Structure formats: structure tokens, C-alpha cells
1. For the range 112-128, indicate whether the set of residues that are modelled with pLDDT of 75 or more, more than 30 Å from Ala11 (Cβ to Cβ), open to solvent by 60 Å² or more (accessible area, probe 1.4 Å) and in contact with a helix residue (DSSP H, G or I) (Cβ under 7 Å, 6 or more places away or on another chain) is non-empty.
2. Could you tell me how many of the residues in the range 134-164 are surrounded by 15 or more Cβ atoms within 10 Å (Cβ to Cβ), under 40 Å from the mean Cα position of the chain (by Cα) and hydrophobic (A, V, I, L, M, F, W, C)?
3. Taking the range 26-39, which residues are open to solvent by less than 60 Å² (accessible area, probe 1.4 Å) and either out of contact with any strand residue (DSSP E or B) (no Cβ under 8 Å at 6 or more places or on another chain) or farther than 24 Å from Leu107 by Cβ (or both)?
4. Can you find even one residue in the range 69-81 that is aliphatic (A, V, I, L, M), at pLDDT below 90 and open to solvent by less than 40 Å² (accessible area, probe 1.4 Å)?
5. So which pairs qualify, if the first residue must be in the range 128-145 and more than 14 Å from Phe169 (Cα to Cα), the second must be aliphatic (A, V, I, L, M), the Cβ gap must be under 6 Å, and the two must be at least 6 apart or on different chains?
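The values are calculated or read from the model by the stated rules, or taken from the named source; none is laboratory data. No experiment lies behind these values; they were computed from the predicted model shown. Every residue, glycine among them, receives a Cβ derived from its backbone with ideal geometry; neighbour counts consider all protein chains shown. Heavy atoms of the whole protein, side chains included, go into the accessibility calculation; ligands, DNA and RNA do not. Shrake-Rupley method; radii C 1.70, N 1.55, O 1.52, S 1.80 Å.
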Amino acid sequence: MDEDWISITEAAARLTQSGDKVDRSTLSRYLKQHAEALPLREDGKSNKVDYIALVEHRSGNIRIRSTPAGTLFSSVAIPAPASGNVHTRNKTQADGSARKALAEAELKEMDLAKRRGELTTVDEVDQAGRDAVALMQSAFERAIEPEAATLSLKFGWDERTVRLALKGFAKLGLATFNEQVTKQLEALKRQAEGGELVQQE
């Protein structure tokens, strides 16, 4: 239906409102990458996109991390796929071509980022995390003695007991921090797969 065809700007605004946060330029690139599955319709000097097809396509290709339950499809009704092998085969071929185009675009972006020096190896990130934990541990250890003396004088507590309590607190906090950092580093290594590169923030 013609009312399903809207401008790219309006489509970006609707997607963002429904929890799929995307700006116009990013959506425009997405539409170019998936041109076979999501053809545009010229309307004067601008282009329009079938919003229902766009929502359906992005739901199968984009992971939306923090979408409130029921908001993504609350304002649109997705039609059931038409029956027939021809439709299914064409849709599968279009999706395959779209995935290939997206993968090629991502590889080009990684290559460009690498040449600009915007990538760093996972091993470097790993070592930096371990160095940070060691520095934090050293800082805690240096702070315990004077802090124990200060608390002992201020509150009249036994300095040895305060020192033991602070050491226990520091040890527990560092162990928790170290566990979380290690999990994130392991996740980065898994995501890096072949290239072992991550993009710097």
C-alpha cells in the first residue's frame, strides 16, 4: 500500500522511536547495502522506502539490545510471507546477497580503520587490562596502612583489626573487578575470531 512508503528521514525517526536507534545517514547506507531486498521508490527529488518491509528486514538482520517489550512492532502489522517456492527462493537469494554486501562493507570499514591506526590487537587490550588491575592492587595496598592509622585515631578502633578489614575489602573488590574484566577480554577474543582486532573507542 502507498501509505507504507515513507521517506528515509521519517523511517529513521520511526525506527528510533520503536527502539531501533538509527539516524538517517546510517539508514541510507543500510538501504544501499540491502538494495535487492529493500528497493527504493523515487518521489520527486527524494526516495521512499517500504516501512513494513524495512522493519521486517531489520528484525532479521539487526540485534536491538534495549527494546522495550512490544514496542518494535506495536504500530505495524507484518504480513505473512506469501506461499510458494518461487517467493521463498527469491527472498532467500536476496537475503543472501544482502548479507554478503553487508559483510563486504564491514570488512572495508575494518581495513580503513586499521590503516588509520584506529584498531588495536586483542592481546594489547588484554595486557592493558592486566596492567590496570596490577596498578589498582598496588594503589590499594599503599593506601591501606595510612587509612588504617587514620580510622584508628578517628574512631578509636584497633589499628590491626582495621588493617585486616581494609585488606579483605580491597582483595574482594579487586577479585570482582578482575573477574569482570577477564570476562570482557575473553568475549573480545571470541568476537575477533580471525583478525584479532578490536576498534578503539
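1. no
2. Of the residues in that region, 3 qualify.
3. First, pick out the residues of the range 26-39 that are open to solvent by less than 60 Å² (accessible area, probe 1.4 Å): 26-28, 30-31, 33-35, 37-38.
Result: Thr26, Leu27, Ser28, Tyr30, Gln33, His34, Ala35, Ala37.
4. First, pick out the residues of the range 69-81 that are aliphatic (A, V, I, L, M): 69, 72, 76-78, 80.
So of that shortlist, the ones also at pLDDT below 90 come out as 69, 72, 76-78, 80.
Then keep just the ones that are open to solvent by less than 40 Å² (accessible area, probe 1.4 Å); that gives 72, 76.
Within the range 69-81, one or more residues are aliphatic (A, V, I, L, M), at pLDDT below 90 and open to solvent by less than 40 Å² (accessible area, probe 1.4 Å).
5. Listed by first residue and then by second, the contacts come to Gly129/Val181; Gly129/Leu185.
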